[in-house]
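Participant: The following block contains the structure, expressed as structure tokens.
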Amino acid sequence: MTAPLTLQEIHDAAAKLAGRVVRTPVHRLRSAELEQAVGSDTELHLKLELLQLTGTFKARAALLNVLALSAAAHSRGVTAISAGNHAIAVAFAAAAAGVSAKVVMIATANPLRVALCRSHGAEVVFAPDAHAGFAMVERIAAEEGRTFIHPFEGRTTALGTATLGLELCEQLPGLQAVIVPIGGGGLCAGVASAVKLIAPQCEVIGVEPFGADSMHRSFAAGEPRSIERVATIADSLGAPYALPISFEYCRRNVDELVRVDDDELRSAMRFLLRNAKLAVEPAGASATAALLGPARERLRGKRVAAIVCGSNIDEATYAKLIS
């Protein structure tokens, strides 16, 4: 049984990260198109985590994990596996702490993400898919003695993402619902834990792509489950399986899971460009897609926050996706 996060632990994590990461802003979105889509009585706030260092929420947990390294582990360096955003965050955190980083990226990773990762000084190696990538990173950790910083699993990782939930509750008193993207569940594990500790009446809605719905399958089975393959444009949400800690925190604190398809993600990307002037990758549009689609009626008339979890995407790929 995984011990739940405590509010004191979350405040301590926020204190460790203070001045090292960005306290990202919240933007109240108002537009005629939004009102037509969700009704005039639904209040939408966007938590702009795409303005975080490295362009995604991942910087919080990556840095907290690196700061927790022992002196011996610090000298041996770190490793990670990612479609891009976690690798970038680990590379950033390692550089900030003077630690060596060797990261595994999926061969189809967006070129911008590969370049960003290398810009922080990390060595990048490639794997053909997520399953092969996890095997490769385990081999690197074993052979080189590097600390493996998991992309979504672990209490320290959940504490890092919980600082986002803490910020959100401080910024939006009286928040009635928050929509959280789910890949492996690390973001939702922390955010949901913090929200339920601070504002237990606030609903937490998790959103996954249909082509990467490991948390849905895990909830249905009552235990972590995997998927056969990832099939979604939201590659940042393409975790091949759920794991015990993130699953347990989500199971305890999430009120509902919803799924969105790739067309809904593209539509939400276009919506955010038109109405919020934000150019986001598919994962960054997933919470908005949920509000505009499967969660719309449940959240009608409520004060809602949608987490824009990040955006690292090149111009050509973005244009292709929204065209």
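The values are calculated or read from the model by the stated rules, or taken from the named source; none is laboratory data. Since this is a predicted model, take the numbers as computed values, not measurements. FYI the Cβ positions are ideal-geometry reconstructions off the backbone, even for glycines, and counts take in every protein chain you see.
Participant: In segment 179-231, what count of residues is obtained for those that are at pLDDT below 95 and β-branched (Val, Ile, Thr)?
Facilitator: Number of matching residues: 2.
Participant: Scan segment 78-91 and give yes if some residue there is part of a loop (DSSP other than H, G, I, E, B), touching a residue at least 12 places away in the same chain (Cβ under 8 Å) and either surrounded by fewer than 18 Cβ atoms within 10 Å (Cβ to Cβ) or hydroxyl-bearing (Ser, Thr, Tyr) (or both), otherwise no.
Facilitator: Within segment 78-91, none of the residues are part of a loop (DSSP other than H, G, I, E, B), touching a residue at least 12 places away in the same chain (Cβ under 8 Å) and either surrounded by fewer than 18 Cβ atoms within 10 Å (Cβ to Cβ) or hydroxyl-bearing (Ser, Thr, Tyr) (or both).
Participant: Is it the case that some residue within segment 36-51 is closer than 15 Å to residue 183 by Cβ and not assigned by TED's automatic domain parsing to the domain that holds residue 283? Can you show your working first?
Facilitator: Taking segment 36-51 first, the residues closer than 15 Å to residue 183 by Cβ are 49.
Subsequent filtering for residues that are not assigned by TED's automatic domain parsing to the domain that holds residue 283 retains none.
No; the residues of segment 36-51 include none that is closer than 15 Å to residue 183 by Cβ and not assigned by TED's automatic domain parsing to the domain that holds residue 283.
Participant: Suppose we filter 99, 114, 66, 104 for residues that are among the β-branched types (Val, Ile, Thr), closer than 14 Å to residue 149 by Cβ, in the same structural domain as residue 130 (by TED's automatic domain parsing) and part of a helix (DSSP H, G or I); which single one remains?
Facilitator: Residue meeting the stated conditions: 66.
Participant: Can you tell me which residue is surrounded by the most Cβ atoms within 10 Å (Cβ to Cβ) among those in segment 154-206 that are under 24 Å from residue 234 (Cβ atoms) and of a type in the set (S, T, N, Q)?
Facilitator: Going through the qualifying residues, I end up with 161.
Participant: Only residues that are in contact with a helix residue (DSSP H, G or I) (Cβ under 7 Å, 6 or more places away or on another chain), surrounded by 15 or more Cβ atoms within 10 Å (Cβ to Cβ) and farther than 19 Å from residue 96 by Cα: list them for segment 28-57, please.
Facilitator: 29, 34, 37, 38, 44, 46, 47, 49, 50
So that you can scan it fast, the table gives a plain yes or no per residue for (1) touching a residue at least 24 places away in the same chain (Cβ under 8 Å); (2) out of contact with any Cys (no Cβ under 6 Å at 6 or more places or on another chain); (3) in a strand (DSSP E or B):
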site	(1), (2), (3)
216	yes, yes, no
228	no, yes, no
232	yes, yes, no
257	yes, yes, yes
279	yes, yes, no
299	yes, yes, no
307	yes, yes, yes
319	no, yes, no
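Participant: Additional query: Right, residue 146: touching a strand residue (DSSP E or B) at 6+ places or on another chain (Cβ under 9 Å) and among the basic types (Lys, Arg) or not?
Facilitator: When the stated conditions are applied, residue 146 passes them.
Participant: Here's a check for you: in segment 13-27, which residue that is part of a helix (DSSP H, G or I) and without any contact (Cβ under 8 Å) to a residue 60 or more places away in the chain is surrounded by the fewest Cβ atoms within 10 Å (Cβ to Cβ)?
Facilitator: 15
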